[in-house]
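Trainee: A single structure is presented below for examination.
The values are calculated or read from the model by the stated rules, or taken from the named source; none is laboratory data. All figures in this text were calculated on a predicted structure; none of them were measured in a lab. We place every Cβ from the backbone using ideal geometry, glycine too, and count neighbours over all the protein chains shown.
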């Protein structure tokens, strides 16, 4: 089968380790099933894997990708939940990994996944739309509805318009009635954020007209000070990534004096993915797809993501 593989690790030049070509078909495994991939979407996790974060050289070559929608062995249209539960050692809690960390990922014509990781794809969603949900949109859903105590009409800040998680946060938060502020260095991306339902979009680092109840930050070091200083007393930062670095000044004096909360969030549960899918069906909300490319053009897709040229999700189709 044709697949996109991490063949080498390079932190400074991640795309140098990207290879496209034939790989063996998945081998049957008890409790697992093969899905014929109809669409898969990219995430920054794929770039970090090529940099060696979460993926060691001892596990190369590794097929990349954590998101997919396709057809299972029984002919059902399905969505793949990319969080895999690893067997627990005696006396220890179960461990979790994402597809493409321990097990081959979804950027291929076929992917082998645990049967329990599949959920039905509603006919209302295209394969391309469904493939955008399991990582970025699930992360946003879990951050917004699982990690916070916000009520409709709250004020929130989304740091950095453009990425899949940010676009999902803007869309979902606006859908339930929050007043959404967004930051971006790009005037064009600020305009797109307003189209998605943001209340206001300001240049990165600019002071907001008011302090907010919660900040959603996937940028990290470059935005952390602004995130902390944008919160009301008792407010919360929900962080799911650190694309600009993970060692900002902690701003501890402000954190304890204003009784701020810092909450970490990674992906989400299968139950949350089911609920997110149902929300999309019932409300008409859909992921923003920047472009759809054939799997053979994966290098161009990775280049565009690394350069920040996209708004929303980049989807690949075998």
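Trainee: So, in region 280-318, of the ones that are touching a residue at least 40 places away in the same chain (Cβ under 8 Å) and out of contact with any strand residue (DSSP E or B) (no Cβ under 8 Å at 6 or more places or on another chain), which residue ends up nearest to residue 3 (Cα to Cα)?
Mentor: My answer is 303.
Trainee: Here is a list: 242, 173, 168. Which entry is within 19 Å of residue 285 (Cα to Cα), surrounded by 14 or more Cβ atoms within 10 Å (Cβ to Cβ) and either without any contact (Cβ under 8 Å) to a residue 60 or more places away in the chain or more than 23 Å from the chain's Cα centre (by Cα) (or both)?
Mentor: Just one listed residue meets the conditions, 173.
Trainee: Which members of region 285-296 meet the condition of being out of contact with any helix residue (DSSP H, G or I) (no Cβ under 7 Å at 6 or more places or on another chain) and either surrounded by 14 or more Cβ atoms within 10 Å (Cβ to Cβ) or in the same structural domain as residue 192 (by TED's automatic domain parsing) (or both)?
Mentor: 290, 291, 295
Trainee: Further, regarding this structure: Can residue 60 be described as under 26 Å from residue 304 (Cβ atoms), surrounded by 20 or more Cβ atoms within 10 Å (Cβ to Cβ) and in contact with a strand residue (DSSP E or B) (Cβ under 8 Å, 6 or more places away or on another chain)?
Mentor: Details: under 26 Å from residue 304 (Cβ atoms): yes; surrounded by 20 or more Cβ atoms within 10 Å (Cβ to Cβ): no; in contact with a strand residue (DSSP E or B) (Cβ under 8 Å, 6 or more places away or on another chain): yes.
When the stated conditions are applied, residue 60 does not pass them.
Trainee: Mind listing just one residue for me: the one in region 147-165 that is in contact with a helix residue (DSSP H, G or I) (Cβ under 7 Å, 6 or more places away or on another chain) and on the phi > 0 side of the Ramachandran plot and, of those, surrounded by the fewest Cβ atoms within 10 Å (Cβ to Cβ)?
Mentor: Per the stated criteria, the residue is 162.
Trainee: Return yes when residue 272 is assigned to a helix (DSSP H, G or I), under 22 Å from residue 83 (Cα atoms) and in contact with a helix residue (DSSP H, G or I) (Cβ under 9 Å, 6 or more places away or on another chain) and no when it is not.
Mentor: On the way: assigned to a helix (DSSP H, G or I): yes; under 22 Å from residue 83 (Cα atoms): yes; in contact with a helix residue (DSSP H, G or I) (Cβ under 9 Å, 6 or more places away or on another chain): yes.
Yes, satisfied.
Trainee: Take region 26-51 and flag every residue that is in contact with a strand residue (DSSP E or B) (Cβ under 9 Å, 6 or more places away or on another chain) and closer than 28 Å to residue 12 by Cα. Spell out how you get there, then give the answer.
Mentor: First, the residues of region 26-51 that are in contact with a strand residue (DSSP E or B) (Cβ under 9 Å, 6 or more places away or on another chain): 26-29, 31-43, 45-46, 49-50.
The answer is 40, 41, 42, 43, 45, 46, 49, 50.
Trainee: Continuing with this model, one more query. Go over the candidates 125, 169, 112, 98 one by one and state the one that is under 14 Å from residue 69 (Cβ atoms) and in contact with a strand residue (DSSP E or B) (Cβ under 9 Å, 6 or more places away or on another chain). Step through it out loud before you land on a result.
Mentor: On the way: 169 fails: under 14 Å from residue 69 (Cβ atoms); 112 fails: under 14 Å from residue 69 (Cβ atoms); 98 fails: under 14 Å from residue 69 (Cβ atoms).
Sole residue among the options that is under 14 Å from residue 69 (Cβ atoms) and in contact with a strand residue (DSSP E or B) (Cβ under 9 Å, 6 or more places away or on another chain): 125.
Trainee: Which residue is surrounded by the most Cβ atoms within 10 Å (Cβ to Cβ), if the candidates are limited to region 245-269 and must be in contact (Cβ under 8 Å) with a residue 40 or more places away in the chain and touching a helix residue (DSSP H, G or I) at 6+ places or on another chain (Cβ under 7 Å)?
Mentor: 268
Trainee: Run residue 217 past the list (1) surrounded by fewer than 20 Cβ atoms within 10 Å (Cβ to Cβ); (2) in contact with a helix residue (DSSP H, G or I) (Cβ under 9 Å, 6 or more places away or on another chain); (3) under 27 Å from residue 12 (Cα atoms) and report the number of the one that doesn't hold.
Mentor: (1)
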